[in-house]
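Here's the structure we're looking at; comments come further down.
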Amino acid sequence: MIATQTIPDFNISSRIDQVGVEEKAKRFTTRSIKTETKVNGLKLVLNMIDLTTLEGKDSKGKVQQLCYKAQHLHDAYPGLPTVAAICVYPSMVKIAKAALGNSGVKVAAVATAFPSGQAPKDVKIRDTKFAVAEGADEIDMVISRGKFLEGEYNFVFDEIAAIKETCGNARLKVILETGELVTYDKVRRASDIAMYAGADFIKTSTGKIQPAATMPVTLVMLEAIRDFYYKTGKMIAMKPAGGISKSKVALHYLVMLQETLGEAWMNNHWFRFGASSLANDVLMQLEKERTGVYQSANYFSVD
Amino acid sequence: MATTISTRLEVLKTYKIYIGGQFPRTESGRYYKATNAKGDLLANVCLSSRKDFRDAVIAARSAFGGWSGRAAFNRAQILYRIAEMLEGRKAQFLDELIKQGALSANAENEINLSIDRLIYYAGWCDKFQQVFSSVNPVASSHFNFSVPEPTGVVAIIAPQDSSLLGLVSVIAPVIAGGNTCIVLASEEKPLCAVTFAEVINSSDVPGGVVNILTGKPSELVKYFADHMDVNAVVYCEKNDADKKLIQEKAALNVKRVLFWDKINWNSDEAETPYLITDLQEVKTTWHPIENIGGAKAGY
């Protein structure tokens with residue numbers, strides 16, 4: 001497929017107007033979403049969450065507990081969806097797979113020497129192979145930010161393409177780690193490289209670096225996806241990750257998604273939230289809408 | 001002689017609310033007019049909404065761990081500090097109380113009493129635990145003791161007729177015991193409440209420990225009573241319909257409900273450690289001890 005496409009010169013990727021993109025992102029936060037629309041929006045948010053645990057102290061028990069939560073977000077509230085996926089380290093994939101059974105919740109594994117990506121290519125490929133063999137449905141890879149900032153775009157491109165090849169049927173998410181890319185121009189360029197190299201998803205951040213996902217950065221990436229779609233006819237999915245912990249902000253992201261890419265992207269095949277604490281806040285808002293009283297974290301699961 | 005026109009335009013204070021150590025305007029953008037008895041406009045005051053209350057509860061909840069975990073001695077120092085700051089701003093409070101309709105002598109007395117009340121409760125901070133704790137006789141081999149612990153986040157509808165003294169008198173015992181609070185100030189006389197928030201803000205009280213809203217009790221009392229993250233409601237008025245509503249809604253999460261409506265805030269009965277213990281939960285611990293063959297207990 002790639003061979004038949006003309007790969008553009010990434011040195012001349014679209015330039016981003018910083019002030020413009022920040023102003024535009026701010027406008028999405030002014031929509032008023034209330035009552036029924038809000039409830040539907042919040043349920044969609046829940047269904048788009050990649051419930052994530054990526055810590056050195058992750059254990060079998062912690063992953064199993066998270067998998068249980070993925071399927072039983074808040075049983076007191078009838079008819080809630082499950083989350084989209086569980087996001088874990090490769091060593092936890094098998095445990096997560098077993099715990100999730102046939103619930104339909106996918107397992108995503110971070111691979112390629114997450115979160116730094118500072119490892120030789122063959123190590124990254126083996127890391128990915130292992131995760132896929134363990135049964136991961138999705139692979140979240142990190143790009144080599146150092147090489148990217150040195151201007152070695154071909155290196156980054158080839159690496160992504162090689163990982164894509166290793167993924168087989170697993171969908172590939174490419175993490176740009178926008179917090180380390182400094183400018184919107186570079187975010188746009190990295191997005192273009194990832195998409196042309198075969199990414200199924202582009203993802204903002206690892207969650208280990210601040211700032212993680214912000215609305216302007218996500219907008220830049222959504223616009224890159226839109227332009228790529230117009231050029232190639234191929235849809236790419238988007239995943240902002242890290243720093244989105246409030247329902248209100250999540251709804252702003254949905255507004256931005258709807259108004260930038262449209263209806264076709266408004267589901268968990270094409271959009272995800274990488275988050276761990278967002279789910280509980282959404283649940284508290286849903287309960288508030290249902291019962292009419294403000295909620296307390298005491299009545300929801302501990303992450 | 002030519003008339004001199006004053007070129008100095010007085011800068012008026014914007015009366016804002018106090019949430020999490022910040023002075024925001026109400027998120028609703030609403031306001032009401034505070035007037036004196038003659039109907040003259042004193043100030044435009046924030047008409048707080050339920051969302052302001054919600055934000056204040058979040059602030060109070062996140063401040064609770066730090067405040068209740070502080071050494072009791074340190075809480076005493078901070079209450080004392082509030083009194084010091086209040087002493088230094090007497091003139092401003094005098095001015096506002098008189099504006100709100102108090103007689104000069106009464107106003108001065110009210111301020112002095114407020115300062116003394118803070119000192120009174122500052123003194124109790126590290127003492128009430130000793131007075132109200134107990135070691136309990138039990139029949140088994142246990143060292144059994146009970147200690148008071150703060151209830152948590154307390155929502156207070158302050159006395160409506162006493163704008164400064166009433167406010168100080170309800171806040172002091174609540175925070176002395178390690179609770180954090182959200183207080184709805186007097187609707188008719190809100191000026192002192194906002195100025196008192198400034199005093200608190202400059203007294204080493206961590207943000208979120210005391211949150212002060214201005215607005216209408218009739219509008220907010222329901223939310224004070226039904227918020228699931230509030231642990232106790234204190235109501236200082238005599239409105240029976242409100243009391244009933246509070247008791248019903250508080251049942252949702254079994255809040256502690258306190259009606260401090262019979263206390264004369266100008267009298268000594270407002271100075272009692274029992275107002276502190278009203279907002280304490282007693283925790284009893286059973287600690288196993290060695291007691292072999294009828295020997296005397298050794299801890």
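The values are calculated or read from the model by the stated rules, or taken from the named source; none is laboratory data. Owing to the predicted nature of the structure, the values given are computational and were not obtained by experimental measurement. We place every Cβ from the backbone using ideal geometry, glycine too, and count neighbours over all the protein chains shown. The area values use the complete protein model at the heavy-atom level, side chains included, leaving out ligands, DNA and RNA. Shrake-Rupley method; radii C 1.70, N 1.55, O 1.52, S 1.80 Å.
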**Item:** Unique match (being touching a helix residue (DSSP H, G or I) at 6+ places or on another chain (Cβ under 6 Å), surrounded by 12 or more Cβ atoms within 10 Å (Cβ to Cβ) and over 30 Å from B:D126 (Cβ atoms)) among B:Y15, B:Y31
**Value:** B:Y15
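Please find, among B:G88, B:G21, B:G29, the residue that is among the small types (G, A, S), more than 17 Å from the chain's Cα centre (by Cα) and within 20 Å of B:L167 (Cα to Cα). Spell out how you get there, then give the answer.
Working: B:G21 fails: more than 17 Å from the chain's Cα centre (by Cα); B:G29 fails: within 20 Å of B:L167 (Cα to Cα).
After ruling out the rest, the residue left standing is B:G88.
Does the stretch A:161-171 contain at least one residue that is open to solvent by less than 10 Å² (accessible area, probe 1.4 Å) and more than 17 Å from A:Y89 (Cβ to Cβ)?
Filtering the stretch A:161-171 for residues open to solvent by less than 10 Å² (accessible area, probe 1.4 Å) gives A:163, A:167, A:170.
Those left that are additionally more than 17 Å from A:Y89 (Cβ to Cβ): none.
The answer is no; no qualifying residue exists.
Answer with yes or no whether B:L42 is in contact with a helix residue (DSSP H, G or I) (Cβ under 7 Å, 6 or more places away or on another chain) and among the aliphatic types (A, V, I, L, M).
On the way: in contact with a helix residue (DSSP H, G or I) (Cβ under 7 Å, 6 or more places away or on another chain): yes; among the aliphatic types (A, V, I, L, M): yes.
The answer is yes for B:L42.
Table: residues versus (1) more than 12 Å from chain A (Cβ to nearest Cβ); (2) open to solvent by 40 Å² or more (accessible area, probe 1.4 Å); (3) more than 17 Å from A:A297 (Cα to Cα).
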{"position": "B:I212", "(1), (2), (3)": "yes, no, yes"}
{"position": "B:K216", "(1), (2), (3)": "yes, yes, yes"}
{"position": "B:V221", "(1), (2), (3)": "yes, no, yes"}
{"position": "B:H227", "(1), (2), (3)": "no, no, no"}
{"position": "B:V233", "(1), (2), (3)": "yes, no, yes"}
{"position": "B:K238", "(1), (2), (3)": "yes, yes, yes"}
{"position": "B:K244", "(1), (2), (3)": "yes, yes, yes"}
{"position": "B:N253", "(1), (2), (3)": "no, no, no"}
{"position": "B:V257", "(1), (2), (3)": "yes, yes, yes"}
**Search result, residues across the stretch A:91-137 that are free of Cβ contacts under 8 Å to residues at least 60 places away in the same chain and within 18 Å of A:I49 (Cβ to Cβ)** = A:M92, A:A96, A:A99, A:L100, A:S103, A:G104, A:V105, A:K106, A:V107, A:A109, A:A136, A:D137
**Prompt:** Which members of the stretch A:232-251 meet the condition of being buried (at least 22 other Cβ atoms within 10 Å of the Cβ) and out of contact with any strand residue (DSSP E or B) (no Cβ under 7 Å at 6 or more places or on another chain)?
**Reply:** A:S247, A:L251
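Run down A:V220, A:V293, A:V282, A:V255 and say which single residue is among the β-branched types (V, I, T), open to solvent by less than 40 Å² (accessible area, probe 1.4 Å) and within 14 Å of chain B (Cβ to nearest Cβ). Write out each step before concluding.
Numbers: A:V220 fails: within 14 Å of chain B (Cβ to nearest Cβ); A:V282 fails: within 14 Å of chain B (Cβ to nearest Cβ); A:V255 fails: within 14 Å of chain B (Cβ to nearest Cβ).
None of the others qualify; the one that does is A:V293.
Return yes or no: is B:S203 in a loop (DSSP other than H, G, I, E, B) and under 27 Å from B:N44 (Cβ atoms)? Break it down stepwise before answering.
Working: in a loop (DSSP other than H, G, I, E, B): yes; under 27 Å from B:N44 (Cβ atoms): yes.
For B:S203, the condition - in a loop (DSSP other than H, G, I, E, B) and under 27 Å from B:N44 (Cβ atoms) - is met.
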**Request:** Would you mind finding the one in B:T195, B:T214 that is more than 30 Å from B:Q130 (Cβ to Cβ), at pLDDT 95 or above and touching a Ser or Thr at 6+ places or on another chain (Cβ under 8 Å)?
**Result:** B:T214
**Asked** So B:K189 fits all but one of (1) within 14 Å of chain A (Cβ to nearest Cβ); (2) crowded, with 17+ Cβ neighbours inside 10 Å; what number is the exception?
**Response** (1)
**Request:** Answer with yes or no whether B:R25 is in contact with a strand residue (DSSP E or B) (Cβ under 9 Å, 6 or more places away or on another chain) and in a loop (DSSP other than H, G, I, E, B).
**Result:** yes
**Asked** Could you say whether any residue in the stretch A:238-247 is within 15 Å of A:Y184 (Cβ to Cβ), touching a helix residue (DSSP H, G or I) at 6+ places or on another chain (Cβ under 8 Å) and of a type in the set (S, T, N, Q)?
**Response** no
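Any chance you could count how many residues in the stretch B:150-165 are out of contact with any Phe, Trp or Tyr (no Cβ under 7 Å at 6 or more places or on another chain) and either part of a strand (DSSP E or B) or farther than 21 Å from B:F224 by Cα (or both)? Steps first, please.
Going through the stretch B:150-165, the residues out of contact with any Phe, Trp or Tyr (no Cβ under 7 Å at 6 or more places or on another chain) turn out to be B:150-151, B:154, B:156, B:158, B:160-161, B:163.
If we keep only those that are either part of a strand (DSSP E or B) or farther than 21 Å from B:F224 by Cα (or both) too, we end up with B:150, B:154, B:156.
Qualifying residue count for the region: 3.
If I go through the stretch B:259-270 residue by residue, how many of them are touching a residue at least 12 places away in the same chain (Cβ under 8 Å) and either open to solvent by 50 Å² or more (accessible area, probe 1.4 Å) or within 14 Å of chain A (Cβ to nearest Cβ) (or both)?
Of all residues in the stretch B:259-270, those touching a residue at least 12 places away in the same chain (Cβ under 8 Å) come to B:259-261, B:263, B:265-266, B:270.
Okay, now just the ones that are also either open to solvent by 50 Å² or more (accessible area, probe 1.4 Å) or within 14 Å of chain A (Cβ to nearest Cβ) (or both), so B:259, B:266.
Total satisfying the criteria: 2.
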**Request:** Scan A:A70, A:A109, A:A119, A:A85 and give me the residue that is under 30 Å from A:L176 (Cβ atoms) and in contact with a Lys or Arg (Cβ under 6 Å, 6 or more places away or on another chain).
**Result:** A:A85
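Could you check the stretch B:168-198 and list, in sequence order, the residues that are outside any strand (DSSP E or B), of a type in the set (A, V, I, L, M) and in contact (Cβ under 8 Å) with a residue 40 or more places away in the chain?
B:V168, B:V170, B:A172, B:V174, B:I175, B:A176, B:L191, B:V194, B:A197
Residues checked against (1) in contact with a Ser or Thr (Cβ under 9 Å, 6 or more places away or on another chain); (2) within 13 Å of another protein chain (Cβ to nearest Cβ); (3) open to solvent by less than 20 Å² (accessible area, probe 1.4 Å); (4) not acidic (D, E):
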| site | (1), (2), (3), (4) |
| --- | --- |
| A:H269 | no, no, no, yes |
| A:G274 | yes, no, yes, yes |
| A:E289 | yes, no, no, no |
| A:D303 | yes, no, no, no |
**Complete:** Of the residues in the stretch B:122-149, those that are assigned to a helix (DSSP H, G or I) and among the aliphatic types (A, V, I, L, M) number 2
**Message:** Please go through the stretch A:196-217 and give me each residue that is open to solvent by 20 Å² or more (accessible area, probe 1.4 Å) and charged (D, E, K, R), ordered by number.
**Reply:** A:D200, A:K208
**Message:** Would you confirm, using the coordinates I've provided, whether B:G39 is more than 14 Å from chain A (Cβ to nearest Cβ) and touching a residue at least 24 places away in the same chain (Cβ under 8 Å)?
**Reply:** no
